[in-house]
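To keep things clear, I will list the structure first and then write my remarks on it.
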Ligand code: ADP
Ligand code: ADP
């Protein structure tokens, strides 16, 4: 079971005199697929990065399963994250890219192989494991980035605009792949996008943001179908 609570979360950057995120309140339920949606610069990424521990929280409390997480290091949060730019290592093979975080955490060699093979199988990457990122298509690179998160087998999955570097057609097919992946992995997921259609089609609940604040929280029907 996973519960995530964001309670009166604020983020002020060192160089700023304004808050990037203001009074953000959200209770994420176990296995929920939450989408943060809103225009560029409204604070989606910053909020996600605070959940991952990649940004400090200026004010407020982040709780995971009722434990206050504000000061817990990223590596000690049981969270997997997928970034917009994929952040793949160009000189490493697909296998090594997916294995990297596990090696860092000193997983046993045969366990690493088992996890990478499992993720590669789910993502259709089995025959590409020895290739370098430059020799893959955009969609395949995107899958490697997903694979790197899947191998962690973390109960919480965070995704920051994972599809925005793909062409329109691929974006549509990856949308349903990610939705299926969510079903299969049974994770609690928070997904950031500026694309309303992604929010509408993928989310259990949508969090609509605008200039650092939550405007609305609801199911896609509640948020988008009201007159
Ligand atoms: P979004 O993900 O919705 O595009 P961000 O969370 O990236 O928005 O940014 C929210 C606001 O915080 C923006 O005004 C952005 O310029 C600012 N911001 C983001 N990251 C930093 C940073 N590292 N330092 C200073 N300001 C930042
Ligand atoms: P994104 O699409 O993720 O919002 P950006 O180009 O806005 O990408 O940000 C790229 C990186 O720069 C991120 O790590 C973000 O936190 C940081 N950043 C964004 N806005 C600012 C800013 N105003 N000042 C300093 N760093 C920023």
Handout entry: Between helix 168-185 and the chain: long-axis angle, C-alpha atoms, 0 to 90°, nearest 10
Key = 90 degrees
Handout entry: Between helix 109-123 and the chain: long-axis angle, C-alpha atoms, 0 to 90°, nearest 10
Key = 70 degrees
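Given Cα pairs under 8 Å that are at least 6 residues apart, what percent is the relative contact order of the chain? Can you show the working numbers first?
Values: 424 pairs, mean separation 66.6, N = 227.
This gives 29 percent for the chain.
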Problem - Estimated 222 nm signal from helices in the chain, with DSSP H stretches of n ≥ 4 weighted -39500 (n - 2.57), rounded to 500 - result: -10500 deg cm²/dmol
Exercise for the section: Measure nothing fancy, just the Cα-based angle from helix 94-104's long axis to the longest principal axis of the chain, in degrees from 0 to 90, nearest 10. Expected result: 70 degrees
Problem - For segment 1-156: rounded, prolate or oblate by the Cα gyration tensor [a/c cutoff 1.5] - result: prolate
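Give the calculated FRET efficiency between residue 222 and residue 114 to the nearest 0.05, with a Förster radius of 35 Å applied to their Cβ-Cβ distance.
Numbers: r = 42 Å, r/R0 = 1.19.
Here the calculated transfer efficiency is 0.25.
What ranking of 194, 8 emerges when the number of other C-beta atoms within 10 Å of each C-beta is taken as an exposure proxy, fewest first? Let's see the in-between values first.
Details: 194 17, 8 11.
By the 10 Å Cβ count, ascending, the order reads 8, 194.
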Handout entry: 40, 176, 45 arranged by Cβ crowding within 10 Å, fewest neighbours leading
Key = 40, 176, 45
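Could you grab the relative contact order for segment 1-83? Cα pairs under 8 Å, six or more apart, rounded to a whole percent.
Over segment 1-83, the number comes to 35 percent.
Rounded if a/c is under 1.5, else prolate if a/b beats b/c, else oblate: with a ≥ b ≥ c from the C-alpha gyration tensor eigenvalues square-rooted, which is segment 167-221? Intermediate values should be presented prior to the final figure.
Values: a/c = 2.23, a/b = 1.41, b/c = 1.58.
Oblate.
Using a/c under 1.5 as the rounded threshold, could you call segment 127-185 rounded, prolate or oblate? The axes a ≥ b ≥ c are square roots of the C-alpha gyration tensor eigenvalues, and prolate needs a/b larger than b/c, oblate otherwise. Show your work: numbers first, answer last.
Working: a/c = 1.87, a/b = 1.15, b/c = 1.62.
Because a/c hits 1.5 or more and a/b fails to exceed b/c, segment 127-185 counts as oblate.
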Completion exercise
If the chain between residue 105 and residue 89 were fully extended at 0.36 nm per residue, the gain over the current Cα-Cα distance would be 4.0 nm
Handout entry: Spin-label model distance (nm) - residue 8 vs residue 172, 7 Å beyond Cα toward Cβ
Key = 4.7 nm
Fill in the blank from the handout: Per-residue Cβ contact counts at 10 Å, fewest first, order 47, 187 as 187, 47
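Since every read-out is calculated from the coordinates, none of them should be taken as a lab result. All values reported here derive from a predicted model rather than from experimental measurement. Every residue, glycine among them, receives a Cβ derived from its backbone with ideal geometry; neighbour counts consider all protein chains shown.
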